[in-house]
Structures are given as C-alpha cells and as structure tokens.
Amino acid sequence: MYRLHDYHYTLPESAVAQRPVPGRDRSRLLILCRRTGRMLHRRFFHLPEWLLPGDVLVINNTEVFPARLFGKKETGGKVEVLVLDYPERPAGPDARRGVRCRCLLKAAKRLRPGARILFDATLTAEVLEGKGGVYWVEFVCTGDFEAALYRLGRIPLPPYIQRPSRLPTPQDAVSYQTVYARKRGAVAAPTAGLHFTPALFERLKEKGVQVAEITLHVGYGTFLPVRSADIRKHVMHAEGYRVSEAAAEAINAARDRGSRVVAVGTTCVRTLEFVSNDKGRLTPGSGACDLFIYPGYRFKAVDAMITNFHLPRSTLLMLVSAFAGREKVLAAYEEALRLGYRFYSFGDAMLIL
C-alpha cells in the first residue's frame, strides 16, 4: 500500500469534466459505505437525506484569488507569473516598498535575478532569487497592488481544464469558487465545496445539521505529482490554515455528544486532523499545515467526508484511500467510470460514510 503504482488507475480523457453541470447541486453523488464497500447513486441535492440532526458539516471558506499574471520582459518576451501566496499590503514605513511574493515563472528563457517584468503602466516586478523552481518576486505598483492584481490577474484553473485561449472565461471565475468563499488566499479551489448552493444550506439547517467554517488556503502543491516510488518519501507543501475558537468549539461539542463530523473535501480533512489531539479534540489557531495522509493513518477528528474524484497517483487519492480503504475506493472509481461519472474539479462527488 506504500507503492506509488498502487494508486494508479486508467482514466479516459473524456471523463475529465471541463465545465460544471448547470446547477451546482445537480452533480451526481456516489455514496460509499467504508465499512461494507456498498455503493449507492444519487444527486448532490439528496445530501440532506444522508446527514443527521446534530452532525457538523465542516467547510473551507478560502477564496481563490486571480493569481495568474501575464507580462513581458524588457526585451519583449512573454512571461507568465503565478503568485503562490496572497500578498499582504505593507503598512507604516514599508508602505512605499514593493510587495514580495513567492511565484512560479514561465518564459521562453529562464529569468535571472534582476530581470524586470512589465505588466502595464502601473505595475512592474523584479525577479529577486529562485530555488527549486520557485522565485521571490518584488512587485512595484504606482497604486494599490491588490487592486492591480484583481484588475490584471486571472483565476488559475487547474492544468487539466482546457480552454481554447488558455485563459479562464468570466464564467470560470464564478464556477471555480464556492458560494461561501470569503477568505482570500488560495490558488486552487476546495472543489468538493463547489456543489453547494444557498438553498441546499437552508435544507441542511432545517434538518438540524450545523455548519462550521475553517480556512485552508489551497496551494499549488495540490497539483504537484508524487514522484517517489515509495509514497512515504513524498514531502507535502505547507499551506496556511486558521481554525477559529467558534469552529473548534462546535466541532468539539459534536464529538462530546457523539454526533458526526463531516468534512467537505480533503482540505478540511487535513486541517481537522492536523489540529486535533489523539482524542479528536481540536485546538483553535493558525499556522502551516503539511500533513500527508496515506493508508495506515489513524483518523481522529473526521467521521465522514465529501470529496470529488481525484487524479491517479495523487496525494488526494491516497488520503481518500486511507479513509475508506484503497480497494474500496478504487472499486468505487471503477464503478463511477463505468456509469459515466465526471472526474476532477468540475466533476461529480462522493459521500463516504
């Protein structure tokens, strides 16, 4: 269960969803019992039927920011910039200085320290240093950098979502964002949450299901492949998280009364497990989460999860396999492919109970 090949499956290109279905909660929902392996097939709007009064549904309220910028070198060559961390605006004496961010750079020729990138008359950048393909870049803006980023930037769609122009459409900026996104900082969406609608939340509330919000800013590392033949040697990229006192209190109360904690997506699973003790009780706070969950991990804080269908050989597939069992998960994936489920970010969902 530690071999990378153990998490391979064959996925036809036609199964990769390029756009969401009309109506977020109209996507399909495969329900998997992790104890028996039994599978049922529903629609996502049936979710309230499978949750119980007193359950706590944990959602990740991170918001994807327009992290892709397109500029030019002083010589005219094109440069694509992916900002990896949401920039914090300098204050006080540092307000006149540039904003420094970790970035990925794509150009015909490698950019060296000192190279300048021009975006428009108001925004330029200088490459400072790089290591492992990640560069520190200093942006200089004549006005507000955050405003310039939102004016010039684009939502960074995953590489497996193709657009004719390679640019996201205006609709993508809406579709690739949960309806409850409110904390800017992610370069990728917590895609299990894309299926929810305000009306569905109302139905869950009527059922007596509580909702707790936490934050994990999904980073570019979510797209990086596992290259180690032994998955235990893989190193996860750290991602910033925050668990409020109110969220920790609601989740701990559910644990105390014997109610279930239902995590929406692998980002919530990783965060909850990272901040919980051996008895599954959460400690509020913020920091960087680098927890890598793979089979053999003992879950402490999560009783059920909602997730999409993930890439072969990915850390996300390994996490789901740790939760429900590798054989059961791969059997569910095989069944989903046979029945025409849609995979990845804009695809269908699983509820694992």
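Since every read-out is calculated from the coordinates, none of them should be taken as a lab result. All values derive from a computational prediction rather than experimental measurement. Methodologically, a virtual Cβ is constructed for each residue, glycine included, from the backbone with ideal geometry; neighbour enumeration extends over all protein chains shown.
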*asked:* How tilted is helix 326-338 with respect to the longest principal axis of the chain? Cα atoms for both, answer in degrees (0 to 90, nearest 10).
replied: 80 degrees
*Step through the residues of the range 133-141 one at a time and calculate ³J(HN,Hα) from phi using the Karplus curve (6.51 cos²θ - 1.76 cosθ + 1.60, θ = phi - 60°), rounding each to whole Hz and writing x for Gly and Pro.*
x, 10, 10, 8, 10, 9, 8, 10, 10
*Hey, quick one: spin label on residue 121, modelled 7 Å out along Cα-Cβ, who in the range 140-161 has an amide N within reach, i.e. under 15 Å?*
142-143
_Protection proxy ranking of 185-198, 215-228 - average other beta-carbon atoms within 10 Å, highest first_ = 185-198, 215-228
_Defining a contact as two alpha carbons under 8 Å apart and six or more residues distant in sequence, what relative contact order in percent does the chain show?_
25 percent
*For the chain, modelled as a GNM with alpha-carbon contacts under 10 angstrom, which of 294, 150, 86 fluctuates the most?*
150
_Label-point separation, residue 224 to residue 249 (7 Å along Cα→Cβ), nm_ = 3.8 nm
_Using a Förster distance of 51 Å, the FRET efficiency for residue 1-residue 150 (Cβ separation, nearest 0.05)_ = 0.70
_Taking 165, 175 and counting other C-beta atoms within 10 Å, the order from fewest to most_ = 165, 175
_Within the range 24-61, name every residue whose backbone N is under 13 Å away from a label modeled 7 Å from Cα of residue 9 along the Cβ vector._
30-32, 39
*Using 1/(1 + (r/R0)^6) with R0 = 30 angstrom and r between the beta carbons of residue 52 and residue 331, what's the FRET efficiency to the nearest 0.05?*
0.70
_Between residue 38 and residue 110, what is 0.36 nm times their sequence separation minus the Cα-Cα distance? Round to one decimal in nm._
20.8 nm
*List every residue whose amide H lies under 5 Å from the amide H of residue 65, counting only residues 5 or more places away in sequence or on a different chain, with H placed 1.01 Å from N in the peptide plane.*
185, 186
_Relative contact order (percent, whole number), the range 1-104, Cα cutoff 8 Å, 6+ residue spacing_ = 13 percent
_At 0.36 nm per residue, and after removing the present C-alpha to C-alpha distance, how many nm does the segment from residue 286 to residue 78 gain when stretched out fully?_
71.1 nm
*asked:* Could you work out [θ]222 nm for the chain from helices alone, using -39500 (n - 2.57) per DSSP H run of at least four and dividing by all its residues? Round to the nearest 500 deg cm²/dmol.
replied: -6000 deg cm²/dmol
